Amino acid sequence: MSASVSMVLVYSDDPAFRDAVRLAIGRRPAADLARVDFLEAATGDEVLAAVDAGGIDVLIVDGEARPTGGFGIAKQLKDELEDCPPVLLYVARKDDTWLANWSLADAILTLPIEPFATVEAVIELLKHREQALPVRRAAAI
């Protein structure tokens, strides 16, 4: 990760979801963190290509994305990559927590997007990534 910029990849087939996430986080979520740049992906293939290219510090995925859901993308990346970026997974219902835990997401939030919770989760994930610390997986929403 660059000392001056953190890259956050936001995945959803819904442009409104991607916009809401970007607006919630902003360019400078915390004074002690690097500025945030965003990369957006509307398909699962775009996510895989971006992560394979490197430089992603946090991945935010929409569990309800179609046709490739965020649950499957998160699980695939966590299973296949030794240094997978931390994943924040949005789920539609609290009842989806078991599936979110299966996906190995590092943080789990429920829709609708709540700006304070989003920025708080992203700050924690960025700090852990910046310090090369293991992320404590979220067991509850």
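Restricted to the range 20-37, and to residues there that are under 18 Å from Ala117 (Cα atoms) and under 14 Å from the mean Cα position of the chain (by Cα), the residue that is surrounded by the most Cβ atoms within 10 Å (Cβ to Cβ) is Val21.
In the range 118-127 there is no residue that is among the aliphatic types (A, V, I, L, M), in contact with a helix residue (DSSP H, G or I) (Cβ under 6 Å, 6 or more places away or on another chain), part of a loop (DSSP other than H, G, I, E, B) and modelled with pLDDT of 95 or more.
Identify all residues within the range 47-76 that are assigned to a loop (DSSP other than H, G, I, E, B) and either touching a Ser or Thr at 6+ places or on another chain (Cβ under 7 Å) or farther than 15 Å from Ile113 by Cβ (or both); write none if there are none. Across the range 47-76, the qualifying residues are Gly54, Gly55, Ile56, Asp57, Ala65, Arg66, Pro67, Thr68, Gly69.
Applying the criterion of being within 14 Å of the chain's Cα centre (by Cα) and not in a strand (DSSP E or B) to the residues of the range 77-87, the residue that is nearest to Glu120 (Cα to Cα) is Pro86.
The values are calculated or read from the model by the stated rules, or taken from the named source; none is laboratory data. Quick caveat, the model's predicted, so the values are computed rather than measured. Cβ: placed from backbone, ideal geometry, glycine included. Neighbour counts: every protein chain shown.
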